[in-house]
Amino acid sequence: MSSEQPKGGADKSTPIPDNAAVRAADALDSRLGIYGAAKKNLRKVFPDHWSFMLGEVALYSFIVLLLTGVFLTLFFKPSMQEVVYDGSYVPLQGIHMSQAYASTLDISFDIRGGLAMRQIHHWAALIFVSSLFVHMFRIFFTGAFRKPREINWLFGFLLLVLAMVNGFTGYSLPDDLLSGTGLRIAEGVVLAIPLVGTYVQFFLFGGEFPGEDIVPRLFTIHVLLIPAIMVGLVTVHLILVFYQKHTQFPGPGKTEKNVVGLPLLPVYAAKAGGFFFIVFGITAALGGLVQINPIWSYGPYNPGQITAGSQPDWYIGFLEGSLRLMPNWEWNIWGHTFSFNVLIPSLILPGVLFTFMAMYPWIEGWITGDKREHHLLDRPRNMPVRTGLGVAWITCYGVLWVCGGNDIIATHFHMSINAITWIGRVAFFVAPVLAYLATVRICKGLQRRDRDKVLHGRETGVIKKLPHGEFIEIHEPLEPGMRHTLTAHEQPKPYELDAAEDENGVARKVKRSDKLRSRMSHWYFAEPIEKPTAEEYKELTSGHGHH
């Protein structure tokens, strides 16, 4: 029997219809509590800023990776068994090759849509790693990693590392000459691990290189192990973003206790959905129009051959560069040879670079002594040392990345490869320092410009001649909202040690770690550019000196 009796809700004049759909929804809600959870979370507010979309690009390209990866898994054969190719690509017909390479050729030439899927998958991987890097830089330069988001920073860092590792494993699966050369280098890196390198190499490769086990094992790691971990990390990362609320840039009405923006449903969800299709469309267009990794040009892997001018995917280029820059250092002690030419550039150097990146939230927290929660972001110019360190890190990575192509530079610009290598060695040590110093000076210069804009207004370019002959430029006062944005940041003070003696005249015992922390804190907050005070602004705008 139908009923028109109102069921719940504040507005009794609009009865809720009683039909099968409503009854099904009630049944689910009574068991799962969907309504309460949705009511709370679907109205959650997200701030609106273009830089927040960088994380969305990473998420959406990851989804594209999963979808195209499932398609490729249906046709790829992860086997090193030797076969004779008899597919559609005529130049390689009759050639002996691994089944992995042959099935990749089949995907490219004999499976409908296979080549497009392969290329979309590869482009999506490059976009995914790129967007993760840029997303991490945005979080770093704006201080979004500070309490309570240190753990989420660590999850993002792990996602970045896993994305790079999984990109390399996927790049190695086709068993072509290019990827086989990369695997050869990876084997050398594994062998460079002190004490256990040989055992790890045998465990991974199942014997002498290249063996017959590496591709099946990389396949399992690539399609099962690492993606499962990444899906888990992405899920926890998004849950923490919901739970801890989103950060926002300073501005009028924005505080540490609120979030100014748009609700998740319907506005933000509609924008996010549209943005997903933009990312998917661009990736599909690249996959369909721009060739990438044409393995048929390289041929099947042969340990006795190597590709000239071969380059890995861009995110591994820094490792290639560090190997090429490293001198051939080795020690002979008591009849044993200790070689550092692979150990230092492939394990120690990346370990230092990426450990610093992972641990930076705790390093900065220790130096500044700041234990408070932060939901308002910093403008990079207002934290010159942090910004300088970030630019120095990028410069260091960039020098290594460029040097990974020193042979390409030498052949294209007719230069000596030895000269390029030595320039790279010097630049590796000097360029990050220069980049740091220049960035700090630029940040402080921008702070001074902000101070002038607040006190004197924006330059209009209009020159006025005063009655006594002086020429001045007319300045336009800033809007109150802009003045607030330029002066909303805090200016922390350096960490100071307690007095050398207590109230009884007894010398205090100061730990070495506290002394180091005080010195680091004074370096971190050295030569601050004081932001204008309200009294300064009132004095200047009262008519004295304001023009």
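Suppose only helical runs count, i.e. DSSP H with n ≥ 4. What mean residue ellipticity at 222 nm does that imply for the chain under -39500 (n - 2.57) per run, divided by all residues and rounded to the nearest 500 deg cm²/dmol?
Working: 20 runs with 308 residues, N = 547.
Taking each H run of at least 4 residues, the total per residue is -18500 deg cm²/dmol.
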* Which option, (1) 22.6, 70; (2) 30.8, 103; (3) 29.7, 96, is the value of Rg and Dmax of the Cα atoms in Å that was calculated from these coordinates? -> (3)
* Extension gain, residue 530 back to residue 370 (0.36 nm per residue minus Cα-Cα distance, nm) -> 55.6 nm
* Accessible area per residue, Å², the range 477-547 with all protein chains present, probe 1.4 Å -> 74
* Structure fact -> Note to self: C-alpha centroids of the range 186-241 and the range 301-324 sit apart, in Å, by 19
* Asked: In whole angstrom, how far apart do the alpha carbon centroids of the range 490-539 and the range 397-464 sit?
  -> 31
* Roll a 1.4 angstrom probe over the protein heavy atoms and tell me the percent of accessible area of the chain that is carbon or sulfur. => 66
* To do: Using the structure shown, select from 44/444; 257/444; 257/531; 464/531; 271/531; 39/371 the pairs with a Cα to Cα distance greater than 25 angstrom.
  => 44/444; 257/444; 464/531; 271/531; 39/371
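Whole number in Å², please: accessible area per residue of the range 384-434, 1.4 Å probe, ligands, DNA and RNA not counted.
Working: 2590 Å² over 51 residues.
That works out to 51 Å² per residue.
So which trypsin sites (Lys or Arg not before Pro) in the range 315-390 end up in coil per DSSP with only 15 or fewer other C-beta atoms within 10 Å? All intermediate terms of the calculation are to be shown ahead of the outcome.
Details: sites: 324, 371, 372, 381, 386; in loops: 371, 372.
Passing both the DSSP loop test and the Cβ count: 371, 372.
When only DSSP loop residues count, what trypsin sites (Lys or Arg not before Pro) in the range 251-307 have their Cβ near at most 13 other Cβ atoms within 10 Å? All intermediate terms of the calculation are to be shown ahead of the outcome.
Working: sites: 254, 257, 271; in loops: 254, 257.
Hits after loop and neighbour filter: 257.
Taking the range 473-547, which GluC sites (Glu not before Pro) meet the DSSP loop condition and have no more than 10 other C-beta atoms within 10 Å?
On the way: sites: 473, 490, 496, 501, 503, 530, 535, 536, 539; in loops: 490, 496, 503, 530.
Sites meeting the loop and neighbour criteria: 496, 503, 530.
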* Out of residues 5 or more away from residue 95 or on other chains, whose amide H comes under 5 Å of its own, with H placed 1.01 Å from N in the peptide plane? -> 85
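Note down the magnitude of the dipole of the chain about its Cα centre, charges +1 on Lys and Arg C-beta and -1 on Asp and Glu C-beta and zero elsewhere, to the nearest 20 debye. Could the numbers behind the result be given before it?
Numbers: 48 positive and 46 negative charges, 298 e Å.
Magnitude of the dipole: close to 1440 debye.
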* Give the longest segment of the chain that steers clear of chymotrypsin sites (Phe, Trp or Tyr not before Pro) in DSSP loops with at most 12 neighbouring Cβ atoms within 10 Å, not counting the sites themselves. => 1-328
* To do: Compute the distribution of all C-alpha to C-alpha distances in the range 94-178, in bins of 5 Å from 0, and list the percent of pairs in each, rounded to whole numbers.
  => 3, 13, 17, 17, 13, 11, 9, 7, 6, 4, 1, 0, 0
* **Difference of contour (0.36 nm per residue) and Cα-Cα distance, residue 44 to residue 356** => 108.9 nm
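Take the alpha carbon gyration tensor of the range 397-547, find the square roots of its eigenvalues, order them as a ≥ b ≥ c, and report rounded if a/c is under 1.5; if not, report prolate when a/b exceeds b/c, else oblate.
Working: a/c = 3.54, a/b = 1.20, b/c = 2.95.
Cα axes put the range 397-547 in the oblate bin.
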* **Counting DSSP beta bridges with both ends in the chain, the antiparallel % (nearest 5)** => 95
* Ignoring ligands, DNA and RNA, what accessible area per residue does the range 55-179 give at 1.4 Å, in Å²? -> 37
* Asked: Which whole-Hz ³J(HN,Hα) couplings does the range 356-367 yield from phi under the Karplus relation 6.51 cos²θ - 1.76 cosθ + 1.60, θ = phi - 60°, glycine and proline marked x?
  -> 4, 4, 5, 8, 4, x, 6, 5, 5, x, 5, 5
* **Top positive-direction residue, dipole computed over the range 401-545 with Cβ charges, set 437, 466, 403** => 403
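The values are calculated or read from the model by the stated rules, or taken from the named source; none is laboratory data. Note that the coordinates shown come from a computational prediction; the quantities given were computed from them, not determined experimentally. Here the Cβ is made from the backbone with ideal geometry for all residues, glycine too, and neighbour counts use every protein chain on show. Heavy atoms of the whole protein, side chains included, go into the accessibility calculation; ligands, DNA and RNA do not. Shrake-Rupley method; radii C 1.70, N 1.55, O 1.52, S 1.80 Å.
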